[in-house]
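K.L.:
Handing you a structure now.
Taken together, the values in this text are just the output of simple stated rules run on the coordinates, not laboratory data. The shown structure was predicted, so the numbers you read here are calculated from the model rather than taken from an experiment. Every residue, glycine as well, gets a Cβ built from its backbone with ideal geometry; the counts of neighbours run over all protein chains shown.
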Amino acid sequence: MKNIVVLVSGGGTNLQRIFDTIDSGEIPNAKVKLVVADRPCFGLQRAENENVKNILIPRGKNFCELLEKEIPENTDLIVLAGFLSIITKDFCEKFRGKIINIHPALLPKFGGKGMWGIHVHNAVIESGEKKSGATVHFVTPGVDEGEIILQGEIEVDANDTAESLANKIHIVEYDIFPKAIAKVLSK
Ligand code: GRF
């Protein structure tokens, strides 16, 4: 059995997808042992509804130090599923190769500090890109710079808004995230 810890900051629809695809077997032989949020959010409620241990560690300077103390001994993978705090270099190194993130754009484009949520989609629209999508990648100290595991694309239409792009990209995320998690866990 592979043990997963999920970090969230928001609504947690990707977290829900992880629960559902573990249940369906798309992510085989895995269990979410712990959900951690860095602010009050619905993601914690989703964990509660699934009877999964969940804790709030308020965002701030010592977040990663406190987080490290909570990570269960036998954790195979730490999944950032809509998580907005920056993970420290020390934490990245301690769990090297075991932390993955989902980003709502086709990295290496539209990544880095300040590129999150609606800011990403606004930047894509302003740049006139014809394609966007989602990327699952390993987390390293450089923000959004780790090795890419899986990407999924969507077309950007002339009448797309940041909100419509976010909706289209969420659907791609629900497809590639479980696949990427299963892929990493199978290694
Ligand atoms: C996703 O678009 C993800 O790419 C980004 O944050 C969003 C989280 O959405 N990092 P949800 O909380 O899973 O619904």
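K.L.:
For Thr75 and Ala158, what does the FRET efficiency come to when R0 = 35 Å and r is the distance between their Cβ atoms, rounded to the nearest 0.05?
P.N.:
Values: r = 45 Å, r/R0 = 1.28.
Efficiency, from the Cβ-Cβ distance: 0.20.
K.L.:
Then there is this: Please compute the volume of the convex hull spanned by the alpha-carbon atoms of region 45-114 and report it per residue in Å³. Don't skip to the answer; put the middle values down first.
P.N.:
Numbers: hull volume 9.0 nm³, N = 70.
Enclosed volume per residue, from the Cα hull, is 129 Å³.
K.L.:
For region 46-59, in order, what is each residue's ³J(HN,Hα) by Karplus, 6.51 cos²θ - 1.76 cosθ + 1.60 with θ = phi - 60°, in whole Hz (x at glycine and Pro)?
P.N.:
4, 5, 4, 4, 9, 6, 9, 4, 9, 9, 10, 10, x, 4
K.L.:
With charges only on Cβ, +1 for K and R and -1 for D and E, what is the dipole size of the chain about its Cα centre, in debye, rounded to 20?
P.N.:
Numbers: 22 positive and 25 negative charges, 102 e Å.
The dipole of the chain has a size of about 480 debye.
K.L.:
Same structure, new question: Using all alpha carbons of region 56-187, what is the percent of pairwise distances in each 10 Å bin, ordered from the shortest bin to the longest?
P.N.:
Reading upward from the zero bin: 12, 42, 32, 12, 2.
K.L.:
Can you give the Kirkwood hydrodynamic radius for region 1-124, in Å, rounded to one decimal and based on Cα pairs?
P.N.:
Values: mean 1/r = 0.0665 Å⁻¹.
Here the Kirkwood hydrodynamic radius works out to 15.0 Å.
K.L.:
Quick one: order His119, His103 by neighbouring beta-carbon count within 10 Å, fewest to most. Please list the in-between numbers first.
P.N.:
On the way: His119 13, His103 24.
Listing His119, His103 from fewest to most nearby Cβ atoms yields His119, His103.
K.L.:
Kindly provide log₁₀ I(q)/I(0) values, in the same order as q = 0.22, 0.33 Å⁻¹, from the Debye equation applied to equal alpha-carbon scatterers of region 94-136.
P.N.:
Result of the Debye calculation: -0.70, -1.26.
K.L.:
Here is a follow-up. Helix 13-24: angle to the longest alpha-carbon principal axis of the chain, degrees 0 to 90, nearest 10?
P.N.:
60
K.L.:
Then there is this: Could you check the simple spin-label distance between Glu48 and Asn167, using points 7 Å along Cα→Cβ, in nm with one decimal?
P.N.:
About 2.9 nm separates the two model spin labels.
K.L.:
So which of Lys33/Lys130; Lys109/Lys187; Lys69/Lys168 end up more than 31 Å apart, counting from Cα to Cα?
P.N.:
From Lys33/Lys130; Lys109/Lys187; Lys69/Lys168, over 31 Å: Lys33/Lys130; Lys69/Lys168.
K.L.:
Another one. Hey, what did the chain get for relative contact order, percent, Cα under 8 Å, at least 6 apart? Each step should come with its number before you reach the end.
P.N.:
On the way: 356 pairs, mean separation 38.7, N = 187.
Relative CO of the chain lands at 21 percent.
K.L.:
Pull out the extension gain between Leu66 and Asp175, defined as 0.36 nm times the separation in residues minus the alpha carbon to alpha carbon distance; nm, one decimal. Please report the intermediate quantities before stating the final value.
P.N.:
Working: separation 109, 0.36 × 109 = 39.24 nm, distance 3.19 nm.
Roughly 36.0 nm would be gained on extension.
K.L.:
Let me ask something else about it. What does the net charge come to around Leu185 if you take all other residues with beta carbon closer than 12 Å to its beta carbon, with K and R at +1 and D and E at -1? Could the numbers behind the result be given before it?
P.N.:
Values: positive: Lys2, Lys31, Lys98, Lys179, Lys183, Lys187; negative: Glu26, Asp76.
Surrounding charge for Leu185 is +4.
K.L.:
Let me ask something else. Can you show me the helix-derived [θ] at 222 nm for the chain, built from DSSP H runs with n ≥ 4 at -39,500 (n - 2.57) apiece and divided by the number of residues, rounded to the nearest 500. Before the final figure, lay out each step's value.
P.N.:
On the way: 6 runs with 68 residues, N = 187.
Mean residue ellipticity at 222 nm (helix-derived): -11000 deg cm²/dmol.
K.L.:
Let me ask something else. Enumerate by residue number the chymotrypsin sites (Phe, Trp or Tyr not before Pro) in region 57-131 meeting two conditions: DSSP loop (anything except H, G, I, E, B), and at most 14 other Cβ atoms within 10 Å of the site's Cβ. Could the numbers behind the result be given before it?
P.N.:
Numbers: sites: Phe63, Phe83, Phe91, Phe95, Phe110, Trp116; in loops: Phe83, Phe95, Phe110, Trp116.
Counting only loop positions with at most 14 other Cβ atoms within 10 Å, none of the chymotrypsin sites (Phe, Trp or Tyr not before Pro) in region 57-131 qualifies.
K.L.:
Take every Cα-Cα pair in region 119-165 and report what % of them are more than 15 Å apart. Mind dumping the intermediate values first?
P.N.:
Numbers: 536 of 1081 pairs.
Taking all Cα-Cα pairs of region 119-165, the fraction more than 15 Å apart is 50 percent.
K.L.:
Moving on to the next point. Between Glu126 and Asp20, what is the spin-label point distance in nm, taking each point 7 Å from the Cα along the Cα→C-beta axis?
P.N.:
3.4
K.L.:
Between region 1-67 and region 76-116, what's the alpha-carbon centroid distance in Å?
P.N.:
Computed from Cα coordinates, the inter-centre distance equals 15 Å.
K.L.:
Separate question: Estimate the FRET efficiency between Lys187 and Lys94 by the formula 1/(1 + (r/R0)^6), using the beta-carbon distance for r and 25 Å for R0, to the nearest 0.05.
P.N.:
For Lys187 and Lys94, the calculated efficiency is 0.85.
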